[in-house]
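So the structure is just underneath, and the comments pick up after that.
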Amino acid sequence: MVEVGDAAPDFTAPLANGDVEEFTLSENLDDAPVILAFFPGAFTGVCTTEMATFEENLDDFEEATVYGVSVDAPFSLNEFRDQQDLSFGLVSDSNKEIIDDYGVEMDFADMGYYGVAKRAVFVIDGDGEVVYEWVSDDPGVEPDYDEVADAANAAEAAAE
């Protein structure tokens with residue numbers, strides 16, 4: 001699993017942002033920290049609440065850019081994004097390479113559903129280093145949004 005101090009694994013994947021575009025992490029680090037918020041599945045209760053909470057608290061993240069990440073198809077993610085009025089993009093990891101690279105894959109074996117993202121958050125600074133990581137084995141638990149904001153804002157301050 002990726003930990004604080006590691007270089008964030010780079011990836012290129014479809015980004016649902018109203019359209020579907022190619023997104024490469026390393027090309028989007030620029031000046032601001034990146035928050036990757038992995039979630040198990042669009043249109044599910046806790047995932048909807050988590051993405052809505054990130055949206056409601058975007059001002060708390062100052063200059064950081066939030067991206068949700070799930071194994072859902074980009075077209076489903078666009079519909080989810082539209083229905084939830086999300087202003088940030090959602091990365092489609094339908095080939096499950098990103099969750100593998102970050103070590104956050106889990107199964108819902110009792111439902112016969114395999115290979116989804118654990119609920120996890122990584123904050124990556126402008127140099128591509130992971131400066132914060134939170135991973136839950138319980139998909140019903142949300143991250144501490146204040147901790148995420150503090151980590152993102154500290155990364156931004158360190159870059160100045």
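For region 41-48, the criterion of being touching a Ser or Thr at 6+ places or on another chain (Cβ under 9 Å), open to solvent by 60 Å² or more (accessible area, probe 1.4 Å), more than 19 Å from PRO9 (Cβ to Cβ) and of a type in the set (A, V, I, L, M, F, W, C) is satisfied by at least one residue.
For region 104-125, the tally of residues that are surrounded by fewer than 16 Cβ atoms within 10 Å (Cβ to Cβ) and of a type outside the set (D, E, K, R) stands at 7. Identify, please: which residue in region 147-160 is among the charged types (D, E, K, R) and touching a residue at least 12 places away in the same chain (Cβ under 8 Å) and is, among those, surrounded by the most Cβ atoms within 10 Å (Cβ to Cβ)? Top of the filtered list is GLU156.
Yes/no per residue for (1) open to solvent by less than 10 Å² (accessible area, probe 1.4 Å); (2) at pLDDT below 95; (3) in contact with a helix residue (DSSP H, G or I) (Cβ under 6 Å, 6 or more places away or on another chain):
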{"position": "GLY5", "(1), (2), (3)": "no, yes, no"}
{"position": "ALA8", "(1), (2), (3)": "no, no, no"}
{"position": "PRO14", "(1), (2), (3)": "no, no, yes"}
{"position": "GLY18", "(1), (2), (3)": "no, yes, no"}
{"position": "THR24", "(1), (2), (3)": "no, no, no"}
{"position": "ASP31", "(1), (2), (3)": "no, yes, no"}
{"position": "VAL34", "(1), (2), (3)": "yes, no, no"}
{"position": "PHE38", "(1), (2), (3)": "yes, no, no"}
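Scanning region 91-132 for residues that are farther than 22 Å from GLU156 by Cα, assigned to a strand (DSSP E or B) and hydrophobic (A, V, I, L, M, F, W, C) yields a count of 5.
Being within 21 Å of CYS47 (Cβ to Cβ) and either of a type in the set (Gly, Ala, Ser) or assigned to a helix (DSSP H, G or I) (or both) is the filter here, so list the residues in region 133-150 that pass it. Residues satisfying the conditions are SER136, GLY140, TYR145, ASP146, GLU147, VAL148, ALA149. The residue that is nearest to GLY5 (Cα to Cα), counting only those in region 109-137 that are touching a residue at least 60 places away in the same chain (Cβ under 8 Å) and out of contact with any strand residue (DSSP E or B) (no Cβ under 7 Å at 6 or more places or on another chain), is ASP127.
When region 73-107 is filtered for residues that are among the acidic types (Asp, Glu) and modelled with pLDDT of 95 or more, the ones remaining, listed by number, are GLU79, ASP82, ASP85, ASP93, GLU97, ASP100, ASP101.
The values are calculated or read from the model by the stated rules, or taken from the named source; none is laboratory data. Keep in mind the model is a prediction, meaning the values are calculated, not measured. Here Cβ is always computed from backbone atoms with ideal geometry, including for glycine, and neighbour counts include all displayed protein chains. Note: accessible area is taken over every heavy atom of the protein model, side chains too, but ligands, DNA and RNA are not part of it. Shrake-Rupley method; radii C 1.70, N 1.55, O 1.52, S 1.80 Å.
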